[in-house]
Structures are given as structure tokens and as C-alpha cells.
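Asks: Provided herewith is a single structure, encoded as C-alpha cells, for subsequent inquiry.
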Amino acid sequence: MKFFVDTANLEQIKEAQDLGILDGVTTNPSLMAKEGITGEANIIAHYKAICDLVDGDISAEVIATDFEGMIKEGQALADIHENIVVKVPMTKDGVKAIRWFTDHDIRTNCTLVFSAGQAILAAKAGATYLSPFIGRIDDMNWDGIELIAQIADIYTTQGYPTEILAASIRTPLHIVRAAEAGADVVTCPLSSILGLLKHPLTDIGLAQFLADHKKANS
Ligand code: E4P
């Protein structure tokens, strides 16, 4: 399973990159706004900076909601760097745009996915990645992980090559359960990735090893 970090914060991206386990980055308009990145020139410069930091797929989302606008924006984003993946929302125009990008060798990440039916449409249009939003489904008192498992079953049965990118991850346990359910990729906040490191028995065991070593060597 690939690990992407879900942020536009360069320091956090660098920290995840330094761990040596990072395969890519996802951003969205909210995450860019959170970093104060506004205006076309600054947004493009920021994507360039991310591409310079990480040698992996970088999802950059279109703002346009109409087909023509998505194509224009997506082409400009794809021109930034060969690692850019154009993120397109799951709408009627979005599906048409994904098909257009696929036919023009531009890779896509279909975002805002909340159902298996949407996952089938995105795969049929040739999406490179599909982003079901686990955390936002859980917020509605449904089961986000169950959706990942259902889509994984469908994609295996139908032989769809679209990769399932579990998004809207909120906890380290989401990462583990997404892996069990068959996600190809998880995109997570840095805090959830670092949360995977934690176990009290590791801390207790290390303290004991170091104490024994000190006693024996003093
Ligand atoms: C990433 O591709 C998604 O935009 C992101 O994971 C959404 O996460 P959120 O539901 O925590 O905003």
C-alpha cells in the first residue's frame, strides 16, 4: 500500500518525506487556503515546490466545475510537472473531464467519492486514482471502511485498474483498516502517519533495554 501525505504544508511534507516512507502528496482547495496560498501564480509556484520536495504523485485539484474549465485548468496543472495528477470532483462534468484527460494521457484522481456507484463510473472513465472519503462517511454515522472493501471487491471482480486511494483519514486505525480492506493508497495527515509509531510497550521495552545496558556497562 502506498502512503501519501494529505497536506499543502511544506514542513509537514518534508517531515513525512524524511521518514523514507512517502509515495506522494494530495492537496485540495481547503488545504491550499489553510496555508494562505492564493492566486494562480502562487498556487502554481506552490505545486512546483511540492514537486521539488517529493518524487511521487502530487494531486492538484481543479477549481472549475464545468467541463471546459476543468480541461483548461487540468492541462495547466499537468504542465507544471510530470508527477502532477489532476484531481477532479465526482460530478457529471467531472466524469466527462476524467474521460478526456484519460484519452489525452493526463492522470487523474477522482475526488469526493461516497458510493460504490460513483466508484464504478470513475473507473469506467479511466481515473488513475479514486478517493473515497472515509472520515466524512464515518462522520455521517455510516462505515467508510466498508465502502473501501466494497469498492475493492468490485474493482477486483471487474478488473478495473483504478487505484483506491483512501482519503479523509482521521486516525492511525483508519490507515490499518484501509490496508485490511484493500486500499491501494492511503492519504493521511502527518499526525496519523506518526500515530502508527506509537505503542507503550515499545517505549517500556526500549527504556528497559537501555537501563540493562547501562547497568551492565557501568
Ligand atoms: C484528499 O484527497 C482529501 O481531499 C482529503 O483527504 C479530505 O479530508 P477531510 O475530510 O479531512 O477534509
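Asks: Within the stretch 158-167, is even one residue aromatic (Phe, Trp, Tyr), more than 13 Å from the ligand (Cβ to nearest atom) and open to solvent by 60 Å² or more (accessible area, probe 1.4 Å)?
Replies: no
Asks: Go through the stretch 1-48 and count every residue that is charged (D, E, K, R) and within 16 Å of the ligand (Cβ to nearest atom).
Replies: Qualifying residue count for the region: 5.
Asks: On to the next question. Would you point out which residue out of Thr108, Thr128 is of a type in the set (Ser, Thr, Tyr), within 14 Å of the ligand (Cβ to nearest atom) and open to solvent by less than 30 Å² (accessible area, probe 1.4 Å)? Let's see the steps before the verdict.
Replies: Details: Thr128 fails: open to solvent by less than 30 Å² (accessible area, probe 1.4 Å).
Thr108 is the lone residue from the list that is of a type in the set (Ser, Thr, Tyr), within 14 Å of the ligand (Cβ to nearest atom) and open to solvent by less than 30 Å² (accessible area, probe 1.4 Å).
Asks: If you don't mind, another one. Can we say Lys92 is among the charged types (D, E, K, R) and open to solvent by less than 30 Å² (accessible area, probe 1.4 Å)?
Replies: No: the conditions fail for Lys92.
Asks: Now a separate question. Being open to solvent by 10 Å² or more (accessible area, probe 1.4 Å) and touching a residue at least 12 places away in the same chain (Cβ under 8 Å) is the filter; apply it to the stretch 111-122 and report the residue that is nearest to the chain's Cα centre (by Cα).
Replies: Leu112
Asks: Then there's this: Looking only at the stretch 73-91, which residues are more than 21 Å from Ala167 (Cβ to Cβ) and part of a helix (DSSP H, G or I)?
Replies: Gln75, Ala76
Asks: Right, another one. Does the stretch 131-157 hold any residues that are aromatic (Phe, Trp, Tyr) and crowded, with 16+ Cβ neighbours inside 10 Å, and which are they?
Replies: Once the filter is applied, which keeps residues that are aromatic (Phe, Trp, Tyr) and crowded, with 16+ Cβ neighbours inside 10 Å, the stretch 131-157 yields Phe133, Tyr155.
Asks: Could you list, in sequence order, all residues of the stretch 132-147 that are touching a helix residue (DSSP H, G or I) at 6+ places or on another chain (Cβ under 9 Å) and either within 15 Å of the ligand (Cβ to nearest atom) or modelled with pLDDT under 95 (or both)? Spell out how you get there, then give the answer.
Replies: Our first condition is that a residue be touching a helix residue (DSSP H, G or I) at 6+ places or on another chain (Cβ under 9 Å); within the stretch 132-147, this holds for 132-138, 143-147.
Selection gives Pro132, Phe133, Ile134, Gly135, Arg136, Ile137, Asp138, Gly144, Ile145, Leu147.
Asks: Mind listing whichever residues of the stretch 193-218 are within 17 Å of Asp23 (Cβ to Cβ) and either in contact with a Lys or Arg (Cβ under 7 Å, 6 or more places away or on another chain) or β-branched (Val, Ile, Thr) (or both)? Let's see the steps before the verdict.
Replies: Applying the first criterion (within 17 Å of Asp23 (Cβ to Cβ)) to the stretch 193-218 yields 193-194, 196.
Across the stretch 193-218, the qualifying residue is only Ile193.
The values are calculated or read from the model by the stated rules, or taken from the named source; none is laboratory data. Not measured: the values here are computed from a predicted model. All Cβ positions, glycine included, derive from the backbone under ideal geometry; neighbour counts span all protein chains shown. What goes into the accessible areas is simple: the full protein's heavy atoms, side chains included, and nothing from ligands, DNA or RNA. Shrake-Rupley method; radii C 1.70, N 1.55, O 1.52, S 1.80 Å.
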